[in-house]
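The values are calculated or read from the model by the stated rules, or taken from the named source; none is laboratory data. Keep in mind it's a predicted model, so treat the numbers as computed, not measured. Cβ placement follows ideal geometry from the backbone for every residue including glycine, while neighbour counts extend to all protein chains displayed.
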Amino acid sequence: MAGKIVILSSEGSTGRTLLAWKLFLTISSRREKMVHLLGYDLQKPDLLPVLDAKDIKTSDIHIQVPRVDKDRCRFCGACITACDCGALHIDRSIPALVTDPEKCEACGDCEAGCNLNGISYKQRISGQILHYHQDNFQISIGTADEREEFLLPLICSLNRMVNTEHISICDTGPGMGGDVLTTLRDADFAIILVNPEENWHRKLLPLTDNLREKNIKYGLLVNKHRKESGFIEEVEDTCLRESIPFLGAIPFDTQFEKLEKTFDQKANDPEMESIFAAVWDRISLVVS
Ligand code: SF4
Ligand code: SF4
């Protein structure tokens, strides 16, 4: 099978990055398809340690941030209509035409939409994509400064690297903000991580509501399971009741809690290897 698989969680520290890495190792060891691991968690790129500095290709991502000329703007709203992202609005209390960096993809449509030359662009670098590849896999990790507000152009750059003929495993940030929603574009499946804790089901609602609305298939995967009594059964029952695939349970394991700089799946614990293989088999059944 081929497809874009995105790993989601309602909050941080759920083990998304490690899970993305282990799943990537499991799939790439089968050598059935080109496998692409993509790091979309731009301001917390925890995947970076897996890359070996000497073989990495780094690309700067240049963006054009819209800049409004206050002397020319007549607040006619034509640029707002031209923006498909809903990233512009008029703040009448100032008054000013305001760009929302959490929605702007720096596409350039608003400049063309203004007949009064009220918008120009300021060119700058918003971040980098680090890229590494071997014959059967590739890794692309986006990074941006913590102060960078315009993250979507970098996410869109990563999206353009996704090849529909390959298996793409995407590590995102937590929650369901604009960056995660943009990562989910053209996704074939989402893995939602569930950690054993109270109210786990309620915390997932913003994620599952969005996925249903976007018609993206998803399944639940328990992570960091410490043999909490009845927890797996509770998640399984929910999956059965709501017709959601249950993908399995990854035990908490201190050996597992680190990223190794090895691309050899055989270097991993055989039990863990078989658990990840079973998870991937279940995902393949749903996606194909
Ligand atoms: S189209 Fe031009 S004049 Fe009209 S609101 Fe936008 S920037 Fe201002
Ligand atoms: S650059 Fe594109 S996304 Fe950003 S405000 Fe202009 S039209 Fe909207």
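Of the residues that make up the stretch 32-39, is at least one surrounded by fewer than 14 Cβ atoms within 10 Å (Cβ to Cβ) and part of a loop (DSSP other than H, G, I, E, B)? Steps first, please.
Residues of the stretch 32-39 that are surrounded by fewer than 14 Cβ atoms within 10 Å (Cβ to Cβ), as a first pass: 32.
Still in the list and also part of a loop (DSSP other than H, G, I, E, B): 32.
Checked the stretch 32-39: at least one residue is surrounded by fewer than 14 Cβ atoms within 10 Å (Cβ to Cβ) and part of a loop (DSSP other than H, G, I, E, B).
Can we say Pro66 is assigned by TED's automatic domain parsing to the domain that holds Ile90 and at pLDDT 90 or above?
Numbers: assigned by TED's automatic domain parsing to the domain that holds Ile90: yes; at pLDDT 90 or above: yes.
For Pro66, the condition - assigned by TED's automatic domain parsing to the domain that holds Ile90 and at pLDDT 90 or above - is met.
Could we say that Leu181 is under 19 Å from Thr17 (Cα atoms), of a type in the set (A, V, I, L, M, F, W, C) and surrounded by fewer than 19 Cβ atoms within 10 Å (Cβ to Cβ) here? Working first, answer last.
On the way: under 19 Å from Thr17 (Cα atoms): yes; of a type in the set (A, V, I, L, M, F, W, C): yes; surrounded by fewer than 19 Cβ atoms within 10 Å (Cβ to Cβ): yes.
It is true that Leu181 is under 19 Å from Thr17 (Cα atoms), of a type in the set (A, V, I, L, M, F, W, C) and surrounded by fewer than 19 Cβ atoms within 10 Å (Cβ to Cβ).
For the stretch 120-153, which positions are outside any strand (DSSP E or B) and within 11 Å of ligand 2 (Cβ to nearest atom)? Write out each step before concluding.
Start the filter on the stretch 120-153 by keeping residues that are outside any strand (DSSP E or B), which leaves 134-136, 144-153.
Scanning the stretch 120-153 gives Phe150, Leu152, Pro153.
Scan the stretch 11-29 and give yes if some residue there is within 14 Å of the chain's Cα centre (by Cα), part of a loop (DSSP other than H, G, I, E, B) and on the phi < 0 side of the Ramachandran plot, otherwise no.
yes
Which residue pairs have Cβ atoms under 8 Å apart, sit 6 or more places apart or on different chains, and have a first residue in the stretch 77-101 that is touching a residue at least 12 places away in the same chain (Cβ under 8 Å) and a second that is basic (Lys, Arg) and within 12 Å of ligand 1 (Cβ to nearest atom)?
Close Cβ pairs (under 8 Å, with a partner that is basic (Lys, Arg) and within 12 Å of ligand 1 (Cβ to nearest atom)) amount to Ala96/Lys70.
Given the conditions (1) within 17 Å of Gly219 (Cβ to Cβ); (2) at pLDDT below 95, and given that Glu146 satisfies all but one, which numbered condition is not satisfied?
(1)
Taking the residues in the stretch 76-88 that are in contact with a Gly (Cβ under 9 Å, 6 or more places away or on another chain) and either more than 10 Å from ligand 2 (Cβ to nearest atom) or assigned to a helix (DSSP H, G or I) (or both) as candidates, determine which candidate is farthest from Gln123 (Cα to Cα).
Cys76
Would you tally the residues in the stretch 89-119 being within 11 Å of ligand 2 (Cβ to nearest atom), surrounded by 14 or more Cβ atoms within 10 Å (Cβ to Cβ), over 25 Å from the mean Cα position of the chain (by Cα) and in a strand (DSSP E or B)?
So the answer is 3.
Restricting the stretch 62-119 to residues that are away from ligand 1 (no atom under 13 Å from the Cβ) and polar (S, T, N, Q), which is farthest from Arg147 (Cα to Cα)?
Ranking the qualifying residues of the stretch 62-119, first place goes to Ser93.
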